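Visitor: Structure provided below as structure tokens; questions to follow.
The values are calculated or read from the model by the stated rules, or taken from the named source; none is laboratory data. For clarity, every value in this text was computed on a predicted model and none was experimentally measured. Ideal geometry is used to build each Cβ from the backbone, glycine not excepted, and the neighbour counts take in all protein chains shown.
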Amino acid sequence: MLEQKNVKIQTIQADVAIPSQLASAIEQVKKPLYGVFHAAGVLDDGVLQQLTWERMAHVIAPKLAGAWNLHCLTQNQPLDCFVLFSSAAAMFGSPGQASHVAANTFLDALAHYRRSIGLPGLSINWGAWSEIGAAAQRRVDQHMQLRGVGSIAPQAGLRVLEKLLEQSAAQVGVMPIQWAQFLQQGIVSPFFSAFRQVATSTAQTASPSEILSQLRAANPVDRLTLLTTYLQTEVGKVLGLPADRLPKPHQGFFDLGMDSLMTVELKNRLETQLGLSLTATTIFEHSTICELAQHVAATLTPEGESVQSVESLALKGVESQLEQKSFSELRNLDGKQDLEKEGIETAIINELEELESLLKRH
């Protein structure tokens, strides 16, 4: 398209992280330069304990070293723009992407520094683009949409870029967000305090302080029931599942598709919302909702109160609820929907399903 408008396109291959290669590439470009766009980047995700300096340097080099080399080698050019493609991860944080966040945070700082010394500088914290780029290849945009964060269509992104080149800010975040849905994830960072006023609806689940108060005040049976329902919701959010397809308590996290980065996210959410301190291996050691509910219940159980298994408490709950029904009423119940209509708790229904499955196998 550009060539049709008599624009000459020249392709030069160089590693922007190596000053000599970048300098040689710039020398081959017709002078003077009027604009620089830095969009290089690679990903190598992993939890912090697994990162080595080699892995971090692989991610940091094209962003940090590349941007700094461009800054140093073009300072004497009459640039109209110096644009750095940063990431929304530098604004929001991103579990398992410490190197990526650090590298893009440097781009943001460099844009502000250039402005402070009278040079053009703009860092754009882009959200995930659809159709093109690393995020699209990893299908990140589909996962984020379930959390209220949309993707940027290429043509829309180009129109936004055109507008940003006309304004004076050193740093701008660009991402489509449904704030009401996004804030329902229990995010407590003060960074989002101004946006909470924009949300027109409140979360359907209890707030962190409310759920914690409910759990501490509940008896053992109710505590496990509350925990099971709460964990179903939280695991569903981490997996990006819709509200009507929450995981069953006995399903294994990794059978559901949870990876190591998601376990970190789930751990962080539970620590924030329940005021707990969980080890890095907690999710691996308690890899179903039932097992994790039992572990969290033991942590929250007041001193002197005994802790029984989820199964034994569920059976007691079955007895307690079914004792209130006559035999004729129970005989006429037809499947899970009728049980729910009769007020049988979700955790108890799941336990009955497990018992029914065991009976069929024997």
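Visitor: If you take the residues in region 211-225 that are assigned to a helix (DSSP H, G or I) and of a type in the set (A, V, I, L, M), which one is farthest from residue 291 (Cα to Cα)?
Guide: 217
Visitor: For region 147-183, what are the residues that are within 30 Å of residue 235 (Cβ to Cβ) and in a helix (DSSP H, G or I)?
Guide: Passing the criteria: 179, 180, 181, 182, 183.
Matching residues to (1) touching a Phe, Trp or Tyr at 6+ places or on another chain (Cβ under 7 Å); (2) in contact (Cβ under 8 Å) with a residue 60 or more places away in the chain; (3) within 25 Å of residue 108 (Cβ to Cβ):
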{"residue": "30", "(1), (2), (3)": "no, no, no"}
{"residue": "38", "(1), (2), (3)": "yes, yes, yes"}
{"residue": "41", "(1), (2), (3)": "no, yes, yes"}
{"residue": "48", "(1), (2), (3)": "no, no, yes"}
{"residue": "55", "(1), (2), (3)": "no, no, yes"}
{"residue": "63", "(1), (2), (3)": "yes, no, yes"}
{"residue": "68", "(1), (2), (3)": "no, no, yes"}
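Visitor: Would you mind finding the one in 15, 44 that is surrounded by 11 or more Cβ atoms within 10 Å (Cβ to Cβ), more than 30 Å from residue 149 (Cα to Cα) and among the acidic types (Asp, Glu)?
Guide: 15
Visitor: Quick one: would you say residue 261 is in the same structural domain as residue 226 (by TED's automatic domain parsing) and at pLDDT below 85?
Guide: Against the criterion (in the same structural domain as residue 226 (by TED's automatic domain parsing) and at pLDDT below 85), residue 261 qualifies.
Visitor: Okay, next question. Out of 89, 61, 67, I need the residue that is in the same structural domain as residue 161 (by TED's automatic domain parsing) and either surrounded by fewer than 16 Cβ atoms within 10 Å (Cβ to Cβ) or touching a Leu at 6+ places or on another chain (Cβ under 6 Å) (or both). Which one?
Guide: Unique residue meeting the criteria: 67.
Visitor: Go through (1) free of Cβ contacts under 8 Å to residues at least 24 places away in the same chain; (2) not in a loop (DSSP other than H, G, I, E, B) one by one and return the number of the condition residue 228 breaks.
Guide: The failed condition is (1).
Visitor: All but one of (1) surrounded by fewer than 20 Cβ atoms within 10 Å (Cβ to Cβ); (2) in a helix (DSSP H, G or I) hold for residue 257; state the number of the condition that does not hold.
Guide: For residue 257, the failing item is (2).
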